[in-house]
Amino acid sequence: MKILMVCLGNICRSPLAEGIMQHLADKEGLDWQVDSAGTGHWHVGSPPDRRSIRAAADQGVDISKQVCRVFRPTDFDEFDLILVMDRNNLSDIMAKARNDRQRAKVRLLLDNDIVPDPYYDDTQFAPVFKLIEAGCKEIIRQYKNK
Ligand code: 4NP
């Protein structure tokens, strides 16, 4: 299965989600490929935010080699599941979808809840890591036998 994690900047939340999901899927022996992208262009080509890199490293996950990119319409064809962090991401991505098949691939990472943007609050990176980790575990539970 191919999963794309999406947030606004692709430097704080979705890089964490990519790293955590790949780490957990590998540990479970699942043949899953995980990538991430942003809806905004500001940080294209940059590594993840250093605070996300540190929060991940603290939990044994290396996200330092990731490179920021923007969401592209072909992602709807390339990925089986597109997991977004908040409701703005959801409406931005849904607005780019051209048919029901594409729309059906998109959902919030957390069931009916959002992963808040930690960009302006240094203290939120560790809690956001835990929130994303819980979401990834639940996704694995739901999809590992599909
Ligand atoms: P992210 O956080 O969507 O979790 O990557 C943000 C990072 C940067 C900006 C906004 C959100 N920004 O406006 O530059």
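Data table
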read-out: Phi-based couplings in Hz for segment 38-44 (Karplus 6.51, -1.76, 1.60; Gly and Pro marked x); value: x, 7, x, 9, 4, 10, 3
read-out: Amide proton proximity set for Q33, modelled H, under 5 Å, gap of 5+; value: K2, I3
read-out: Residues of type lysines that K137 reaches as a straight line, Cα spacing below 26 Å, ignoring anything fewer than 8 places off in the same chain; value: K2, K27, K65, K105, K146
read-out: Qualifying aspartates and glutamates (Cα of each under 15 Å from Cα of K144; at least 8 residues distant if same chain); value: D26, E28, D31, D80
read-out: Mean separation of Cα contacts under 8 Å (6+ apart) over length of the chain, as relative contact order %; value: 28
read-out: For the chain, convex hull of alpha carbons as volume per residue, Å³; value: 101
read-out: In sequence order, calculated HN-Hα J values of segment 15-28 (Karplus, 6.51, -1.76, 1.60; Hz; x Gly/Pro); value: x, 4, 4, 4, x, 5, 5, 4, 4, 5, 5, 4, 4, 7
read-out: Computed magnitude of the charge dipole of segment 29-110 (debye, nearest 20; Cβ of K, R +1, Cβ of D, E -1); value: 280
read-out: At most 16 other Cβ within 10 Å, DSSP loop - chymotrypsin sites (Phe, Trp or Tyr not before Pro), segment 79-134; value: Y120
read-out: Whether segment 1-60 is rounded, prolate or oblate, judged on the alpha carbon gyration tensor where a/c under 1.5 counts as rounded; value: oblate
read-out: Calculated from backbone phi, Karplus (6.51, -1.76, 1.60) coupling profile of segment 32-37 in Hz, x at Gly/Pro; value: 10, 10, 10, 9, 9, 7
read-out: Net charge of neighbours whose Cβ lies under 15 Å from the Cβ of A134, counting Lys and Arg as +1 and Asp and Glu as -1; value: 0
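Every number here is computed from the coordinates shown, using simple stated rules; none is lab data. Remember, predicted model here, so these are calculated numbers, not experimental data. Using ideal geometry, Cβ is built from the backbone for each residue, glycine included, and neighbour counts are taken over all protein chains shown.
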